[in-house]
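Data block below; observations after.
The values are calculated or read from the model by the stated rules, or taken from the named source; none is laboratory data. These figures come from a predicted structure and were not determined experimentally. Reconstructed Cβ throughout: ideal geometry from the backbone, glycine too, with neighbour counts over all protein chains shown. All accessible areas refer to the heavy atoms of the entire protein, side chains included, with ligands and DNA or RNA removed. Shrake-Rupley method; radii C 1.70, N 1.55, O 1.52, S 1.80 Å.
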Amino acid sequence: MGAPTERCRSGAGRFSGCLRTVKPWRWLALLLFSLSSLPAVSALVEGLYCGTEICYDVLGVTREAAKVEIARAYRQLARRYHPDRFRSGEPGSEGETQESAHKKFLLIATAYETLKDEETRRDYDYMLDHPEEYYQHYYTYYRRQLTPKVDVRIVILVTICAISIFQYYSWHSSYNEAINYLVTVPKYRIQAMEIAKQQGLLNRTKEKGKNRRSKEEIREQEEEVIRDIIKNKIDIKGGYQKPNLSDILLCQIVLFPYYLTNYVTWYISWIYRFTICREEYGEEEKFYIIRRNMKMSPSQFDSLDENTRQSFLEKQLWIKENYEVYRKEQEEEMKVKWQPTRG
């Protein structure tokens with residue numbers, strides 16, 4: 001290869017002056033030659049897949065190998081280099097130590113994980129064929145590594161089930177606390193005792209001998225009877241209602257098409273009967289309109305005593321104008337009630 005500068009006839013003393021006489025195109029030729037001598041871009045990047053090793057070579061298979069061949073090669077190598085089975089000095093393991101065998105086993109496992117999955121293998125083959133797309137390979141690799149392996153639908157289903165179980169347990173605990181409270185309320189206790197006496201559940205018969213019970217045992221049994229009657233025979237509404245499985249989130253989602261169909265059917269029937277045919281409202285429909293005017297939930301409205309609800313009917317609160325008058329009267333009463341009295 002010739003020198004990049006022209007020879008100086010006057011000797012080395014004028015060498016720096018000769019450099020300025022070199023033509024620009026010769027510098028360009030020198031630069032192109034230097035770039036051509038650089039190594040080609042490699043597809044094997046440390047930290048991606050098998051690093052600087054080719055996964056196919058690690059397993060000793062070709063790129064055309066089927067999944068069965070890849071699995072067979074992996075099993076054979078895994079048996080040889082597994083940390084629990086490796087023995088230095090065995091045929092085929094000359095020069096290998098326990099540490100090097102462990103590293104090789106990890107590399108073999110990585111190669112198998114890369115090639116056993118069709119999508120990962122396709123990404124790896126693309127990286128081998130297109131080494132210049134450096135950043136794209138990093139993105140593809142880590143996107144697949146960080147993507148959850150579990151189906152998102154399964155995660156959502158498990159979450160909904162967990163919420164539903166917690167929801168039902170919470171409601172059931174609140175219901176038991178409410179029953180324990182109602183047992184102490186005279187209204188429900190007297191009603192339950194009357195039902196128990198009618199059914200002969202509280203008749204105290206004289207017991208003799210070994211079957212004789214103490215007063216404390218008899219009292220506990222009576223309390224249990226009263227509790228069961230309040231739970232099962234007395235109509236408890238509002239916030240004390242027994243929890244229903246159909247109210248939990250999972251059932252609500254499953255039954256949503258059914259509820260939607262019922263609502264659409266009811267709404268069309270309402271429009272037809274009371275808007276088109278001009279029918280008179282029945283008691284159920286009047287209560288529904290009153291509840292909507294008061295912005296109360298069904299359980300809140302059902303918790304009201306019968307006399308209060310009947311007074312709503314007497315005041316015809318299903319009529320919008322009447323309800324507005326009633327609402328303003330209630331607001332005025334509340335203002336008077338909470339207005340501070342002057343000394």
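Residues that are at pLDDT 65 or above and either in contact with a helix residue (DSSP H, G or I) (Cβ under 9 Å, 6 or more places away or on another chain) or surrounded by 10 or more Cβ atoms within 10 Å (Cβ to Cβ) (or both) within segment 191-211 comprise Q191, A192, M193, E194, I195, A196, K197, Q199, L201, L202, listed in sequence order.
Scanning segment 128-158 for residues that are under 19 Å from the mean Cα position of the chain (by Cα) and open to solvent by 70 Å² or more (accessible area, probe 1.4 Å) gives L146, P148, K149, V150, V152, R153, I154, V155, I156, L157, V158. Assessment of segment 110-121 against the conditions (over 22 Å from L48 (Cβ atoms), of a type outside the set (K, R), open to solvent by 90 Å² or more (accessible area, probe 1.4 Å) and assigned to a helix (DSSP H, G or I)) yields no matching residue. The single condition from (1) polar (S, T, N, Q); (2) touching a Cys at 6+ places or on another chain (Cβ under 8 Å); (3) in the same structural domain as A78 (by the TED database) that S164 fails is (3). For segment 293-321, the set of residues classified as open to solvent by less than 80 Å² (accessible area, probe 1.4 Å) and assigned to a helix (DSSP H, G or I) consists of N293, P298, S299, F301, D302, T308, R309, Q310, S311, F312, L313, listed by residue number. What about Y112, is it farther than 30 Å from N232 by Cα and either hydroxyl-bearing (S, T, Y) or free of Cβ contacts under 8 Å to residues at least 24 places away in the same chain (or both)? The answer is yes for Y112.
Restricting the search to segment 55-79, which residues are in a loop (DSSP other than H, G, I, E, B) and either under 39 Å from the mean Cα position of the chain (by Cα) or among the acidic types (D, E) (or both)? Write out each step before concluding.
Start the filter on segment 55-79 by keeping residues that are in a loop (DSSP other than H, G, I, E, B), which leaves 60-66.
Answer for segment 55-79, where residues must be in a loop (DSSP other than H, G, I, E, B) and either under 39 Å from the mean Cα position of the chain (by Cα) or among the acidic types (D, E) (or both): E64, A66.
Among all positions in segment 265-285, there is at least one residue which is in the same structural domain as Y326 (by the TED database), open to solvent by less than 80 Å² (accessible area, probe 1.4 Å) and part of a helix (DSSP H, G or I).
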